[in-house]
Amino acid sequence: MAGEARRIVLLGAPGCGKGTQAARIAAALEIPAISTGDMLRAAVQAGSALGERVGGILNAGELVDDATMAEVVTDRLAQPDAADGYLLDGYPRTQSQADTLAGILDAAGQELDRVIQIDVAKDELVRRALGRQRADDTEEVIRKRLEVYEENTAPLVDYYRDRGMLRAVDGNQSIEDVTRSIMKELEAGG
Ligand code: ADP
């Protein structure tokens, strides 16, 4: 699939369908989907030192600190399976994390090809999240996560738009149609 974007960030509020789309797009492009949320939850499950440190933060719907996330992401992007591209789901979530990512790419002589924003109305986000019933998905935590997103992550939409990397996709469509819309935005020159 030469010519298509291969270093991709998916941006969107909790409940926008990022995880679902990340898996589908990554499979289609044969690149790894890297979900920092999944990585952190796995660390908590495994009871690792990282997991011990971040468990409470995840349960509260707050953000793990940028320095810890920089370590996690630097290590993960250095793995051989990420050499030829990756799709990031859940990173960056703050301006500092966007800077870290830019630094990692710079050091490797690489560029971010595309940032895809999945757009879904707020009411729909809460409705979906409540239906999802994950251990850390109480209504209070869901609202907290939405608040954290608005405050810390939503500004990255402008940041990437200013750099010409952003493409917005309507997330209020069927799963298949959202995937199709994203794939269209990933096509060369699109
Ligand atoms: P959701 O898809 O519901 O937004 P994720 O699965 O991406 O949530 O992440 C779950 C939790 O993991 C977040 O609420 C946060 O506590 C932590 N987390 C994941 N990625 C990051 C990140 N890049 N920076 C800080 N915390 C993160």
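Remark: relative contact order (the chain) = 35 percent; criterion is Cα-Cα distance under 8 angstrom and separation of 6 or more residues. Kindly identify region 45-190 as rounded, prolate or oblate by the Cα gyration tensor criterion: order the square roots of the eigenvalues as a ≥ b ≥ c, call it rounded if a/c is under 1.5, otherwise compare a/b with b/c, prolate if a/b is larger, else oblate. Verdict is oblate for region 45-190. Does region 28-100 come out rounded, prolate or oblate, given a ≥ b ≥ c as the square roots of the eigenvalues of its C-alpha gyration tensor, rounded meaning a/c under 1.5 and, failing that, prolate meaning a/b above b/c? It is prolate, given that a/c is not under 1.5 and a/b is the larger ratio.
Of all lysines in the structure, those lying under 24 Å Cα to Cα from K122, and not within fewer than 8 positions of it along the same chain, are K18, K144. With both residues required to sit in region 1-155, DSSP beta bridges show an antiparallel share near 0%. Whole-Hz Karplus values for region 102-108 come out as 4, x, 4, 5, 4, 4, 8 Hz, taken residue by residue from phi with 6.51 cos²θ - 1.76 cosθ + 1.60 and θ = phi - 60°; glycine and proline positions read x. Near the amide H of L11, within less than 5 Å, lie the amide hydrogens of I116, Q117, I118, all on another chain or at least 5 residues away, with H placed in the peptide plane. For region 1-126, rounded, prolate or oblate, judged on the Cα gyration tensor with a ≥ b ≥ c (square roots of eigenvalues), a/c < 1.5 rounded, else prolate if a/b > b/c? It is oblate, given that a/c is not under 1.5 and a/b is not larger than b/c. Contact order for region 31-110, expressed relative to its length and based on alpha carbon pairs under 8 Å spaced 6+ residues apart, stands at 39 percent. Reachable aspartates and glutamates from K184, Cα under 13 Å, same-chain residues fewer than 8 places away excluded? Candidates past the 8-residue exclusion: E4, D170, E176. Over all other residues within a Cβ to Cβ distance under 15 Å of D65, the charged ones net out to -3, with Lys and Arg as +1 and Asp and Glu as -1.
Read-outs throughout are calculated quantities, based only on the coordinates presented, and are distinct from any laboratory measurement. Fair warning: this is a prediction, and the values are worked out from it, not measured in the lab. In this analysis, Cβ positions are derived from the backbone assuming ideal geometry, glycine residues included, and neighbour counts consider all displayed protein chains.
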